[in-house]
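Chemist: Sharing a structure here in structure tokens format.
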Amino acid sequence: MAVDDVLVRPAAVADAPAIARVHWISHQEAYVEPGLVSRERVEAWTMRDRVGAWSAYTAIASGVFPPPEGFHAMEIFVAEVDGEVVGWANTSAGRGEDLPRALELEGLYVLQSFHGAGVGQALLDRALGDRPAFLWALDRNPRAHAFYRRNGFELDGTEKWDELWQVREVRFVR
């Protein structure tokens, strides 16, 4: 597969189940199988919950309604190969306080079978371009760290403990 075979576009509300599916499978592949996050923690966020959340996120991103309490505006992009969503990325003005940049890459996930095929790069390019941004990554995720470093991100020395997932996260900035 070549990058030319990847279509990256803004997500629509109808993409919510496919985004949730990629999210679920990617969490299994990237976190559960290597033993970085417990299966119970990942699977406590059920597919039903994920579809509901992504339905709301995509509706807000599409302008169907403004963000209700507990949600925030974001841009969401999906990557398709042969009409199937195989990855997604989302950005926002940032979560939390003391933000190092005005743009956060909140998530970027690609099915493992498409790793190394240019899907992640196509998503990152569409979601961020060359704009300054920041992101959080698991501290023990060398593949993600290498990908972000190749794209101009560097660790800024900031870490946090994610209580929900019981993992340490590190912040990358460019």
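The values are calculated or read from the model by the stated rules, or taken from the named source; none is laboratory data. These numbers were taken from a predicted model, which means no experiment stands behind them. Positions of Cβ are backbone-derived with ideal geometry, glycine not excepted, and every protein chain shown enters the neighbour counts.
Chemist: Just to check your reading of the model, which residue among Gly152, Gly107, Gly116 is under 25 Å from Trp45 (Cα atoms) and surrounded by fewer than 20 Cβ atoms within 10 Å (Cβ to Cβ)?
Modeler: After ruling out the rest, the residue left standing is Gly107.
Chemist: Report whether or not Arg21 is in a strand (DSSP E or B), at pLDDT 90 or above and out of contact with any Pro (no Cβ under 6 Å at 6 or more places or on another chain).
Modeler: It is false that Arg21 is in a strand (DSSP E or B), at pLDDT 90 or above and out of contact with any Pro (no Cβ under 6 Å at 6 or more places or on another chain).
Chemist: Consider the stretch 108-139. How many of its residues are free of Cβ contacts under 8 Å to residues at least 40 places away in the same chain, under 14 Å from the mean Cα position of the chain (by Cα) and under 13 Å from Phe153 (Cα atoms)?
Modeler: Residues meeting the conditions: 5.
Chemist: Which of the residues belonging to the stretch 82-107 are under 10 Å from the mean Cα position of the chain (by Cα) and among the hydrophobic types (A, V, I, L, M, F, W, C)?
Modeler: Trp88, Ala89, Leu105, listed by residue number.
Chemist: Okay, moving on. In the stretch 70-174, which strands (runs of 3 or more DSSP E) lie fully inside it and hold 3 or more residues that are within 23 Å of Arg21 (Cα to Cα)?
Modeler: It comes to 75-81, 84-92, 104-110, 134-138.
Chemist: When only residues in the stretch 8-47 that are of a type in the set (D, E, K, R) and free of Cβ contacts under 8 Å to residues at least 12 places away in the same chain count, which is farthest from Ala127 (Cα to Cα)?
Modeler: Glu40
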